[in-house]
Amino acid sequence: MYFLISFFIPDLGKDFEKELDVSFQLRNYFRAFTVLVFPFFGAIVFEFIAKLKEEVKTMGKQLNIYQHKYQDKQKLAMLDFYDENNQLQLKIPLQDFFYAESSNQYVLIYFLESGNIKREIIRTRLKNILEQFSVSCVLQCHRSFMVNLMNVSCLNKKETKKYLILKSENLMEIPVSKTYLTSILSEIEKHE
């Protein structure tokens, strides 16, 4: 407290002339700035982390509402995966589809079969598969990934990147880019 008051009312002791010196005052201002900057930035970081936690929690609640609302519809839906020559390569129930990952000219399809996670490789592009689907719960979440929102348990954030965590025995983390996160959130909010 004394330190703060000394900026405005100098100590009229022995060093009165020294305290009126500009360099002395500038050093005191610099010290005050360095002392006060840490709590200021600490408060900003705390607010940022609290905001991110609230965002993750809100999305989790919205995702649960979305999944419960459309759970009955997904039991009957089937997904057909065609290759680049329009030949049917894979047909699976929507509820068993987890995600698809693009790898050059191939797409890796991850799905549940007989209680185990299987992977099927199809020669096509992710864009072509997305165009084939008319269901709204299968969305692109990254330039190389598309995901079934019905099998997502939550949104997680590690450092600066966000991931969708899938409901499975193995921990599956699917990256989410900022561009696609807004479309995913709007799809979830649309069905609240």
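The values are calculated or read from the model by the stated rules, or taken from the named source; none is laboratory data. Since this is a predicted model, take the numbers as computed values, not measurements. Please note: Cβ atoms are built from the backbone with ideal geometry, for glycine as well, and neighbour counts cover all protein chains shown. Heads up: the accessible areas ignore ligands, DNA and RNA and are worked out on the full protein's heavy atoms, side chains in. Shrake-Rupley method; radii C 1.70, N 1.55, O 1.52, S 1.80 Å.
List of remarks:
- Looking at segment 83-192, the accessible area is 56 square angstrom per residue; that uses a 1.4 Å probe and ignores ligands, DNA and RNA.
- Remark: the Cα gyration tensor places segment 144-192 in the oblate category, a/c being 1.5 or greater and a/b not exceeding b/c.
- Rolling a 1.4 Å probe over the protein heavy atoms leaves Met78 with an accessible area of roughly 90 Å².
- Members of Lys118/Lys157; Lys57/Lys91; Lys127/Lys157 lying beyond 32 Å, as alpha-carbon distances in this model show: Lys57/Lys91
- Spin-label model, Lys91/Glu189: points 7 Å from Cα along the beta carbon direction are separated by 3.9 nm.
- Computed over neighbours whose Cβ is under 11 Å from that of Lys162, the net charge equals +1, Lys and Arg +1, Asp and Glu -1.
- Derived scalar couplings ³J(HN,Hα) [segment 86-91; Karplus, 6.51 cos²θ - 1.76 cosθ + 1.60; whole Hz; x for Gly, Pro]: 6, 9, 5, 9, 7, 9
- Leu108 paired with Ala32, simple spin-label distance in nm, labels 7 Å along Cα-to-beta-carbon: 5.9 nm
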